[in-house]
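The values are calculated or read from the model by the stated rules, or taken from the named source; none is laboratory data. These numbers were taken from a predicted model, which means no experiment stands behind them. All Cβ positions, glycine included, derive from the backbone under ideal geometry; neighbour counts span all protein chains shown.
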């Protein structure tokens, strides 16, 4: 008997005919559930049946999440590329995800990224938390299953990346920065996919109805900038702005060169004060125009 251990899992992304090995932390999850419809069994002539029957004919969307440490070698750039502009009639970039364990290979079909969270913390490795959804989760083979796609070459080393944030608002550089978080959200709705004809032919999970299409409701980039409160910025603790330009850059701690940046124009923010051992203030921001998100992100610059 062979057990599958999370720490042994290998994640692969297949996109555009290419296969990418993605190195993640142990924060790797994927699952899919089926939707149940219940109905009363008790009838007018038989009041003793105090129970409900159940039918299962369709599956909910598959969910997945993983955390990718970003490295100087940039092998994981495909992950960031999947966050860029909409393609093919306002659709997100779609890919297949494979997870290979010591005894199984699982596949999630037609995946899209619904959120990505970045934390710019000079005390921790630069990482991105990815979450998304797909149409179908299945076991496609054992540990020797051959994942399709042209394998992309990997660097011989993986160098952890430590960055610190540099922020400017309306062209003015901010100082005394504690940390920055950025969240990119792709809000989607799966379109109804249940039909009476299809539901009548469902006998088990192999021929159940799975989601196949979605619509993008909106895209939002938001986050927070934390700043020590000093005598130079104390008058800004109750500030706000509804039309400004915010530029956030991740600088490599090793040589002070830019690694990743995001330009938001136009954007809004509100400032609030935090009272603790050291006074600080937080700028909560959000973009106002996300029609060309990919052109606003400069990765590995």
Report task. Return yes or no: is residue 61 surrounded by fewer than 16 Cβ atoms within 10 Å (Cβ to Cβ) and either touching a helix residue (DSSP H, G or I) at 6+ places or on another chain (Cβ under 6 Å) or at negative phi (or both)? Result -> no
Query raised in the report: All but one of (1) modelled with pLDDT of 85 or more; (2) more than 17 Å from residue 163 (Cα to Cα) hold for residue 224; which doesn't?
Result: (2)
Requested in this report: Kindly indicate the residue of the stretch 241-255 that is at pLDDT 90 or above and loosely packed, with under 13 Cβ neighbours inside 10 Å and also farthest from the chain's Cα centre (by Cα) among those meeting that condition.
Outcome: 255
**Report entry** Failed condition for residue 17, given (1) modelled with pLDDT under 90; (2) touching a strand residue (DSSP E or B) at 6+ places or on another chain (Cβ under 8 Å); (3) surrounded by fewer than 13 Cβ atoms within 10 Å (Cβ to Cβ)
**Finding:** (1)
Query raised in the report: Would it be correct to say that residue 238 is outside any strand (DSSP E or B), at pLDDT 90 or above and surrounded by fewer than 13 Cβ atoms within 10 Å (Cβ to Cβ)?
Result: no
Requested in this report: Write out, first by first residue and then by second, each pair whose Cβ atoms fall under 8 Å of each other, whose residues are 6+ apart or on separate chains, and whose first residue, in the stretch 103-126, is at positive phi while the second is modelled with pLDDT under 95 and not in a strand (DSSP E or B).
Outcome: 110/94; 110/135; 110/212
**Report entry** Check on residue 68, under 16 Å from the mean Cα position of the chain (by Cα), at pLDDT 90 or above and surrounded by 12 or more Cβ atoms within 10 Å (Cβ to Cβ)
**Finding:** yes
Query - Matching residues in the stretch 145-158 - criterion: being under 27 Å from residue 63 (Cβ atoms) and without any contact (Cβ under 8 Å) to a residue 60 or more places away in the chain - result: 145, 146
Query - Among (1) over 20 Å from residue 221 (Cβ atoms); (2) surrounded by fewer than 20 Cβ atoms within 10 Å (Cβ to Cβ); (3) in contact with a strand residue (DSSP E or B) (Cβ under 8 Å, 6 or more places away or on another chain) - the single one residue 74 does not satisfy - result: (3)
Query raised in the report: Which of the residues spanning the stretch 159-174 are outside any strand (DSSP E or B), farther than 16 Å from residue 76 by Cβ and either touching a strand residue (DSSP E or B) at 6+ places or on another chain (Cβ under 6 Å) or free of Cβ contacts under 8 Å to residues at least 60 places away in the same chain (or both)?
Result: 170, 174
Query raised in the report: Can you name the residue in the stretch 20-36 that is without any contact (Cβ under 8 Å) to a residue 40 or more places away in the chain and touching a strand residue (DSSP E or B) at 6+ places or on another chain (Cβ under 8 Å) and is also nearest to residue 129 (Cα to Cα) among such residues?
Result: 29
Requested in this report: Taking only the stretch 118-137 into account, find how many residues are surrounded by fewer than 15 Cβ atoms within 10 Å (Cβ to Cβ) and part of a strand (DSSP E or B).
Outcome: 1
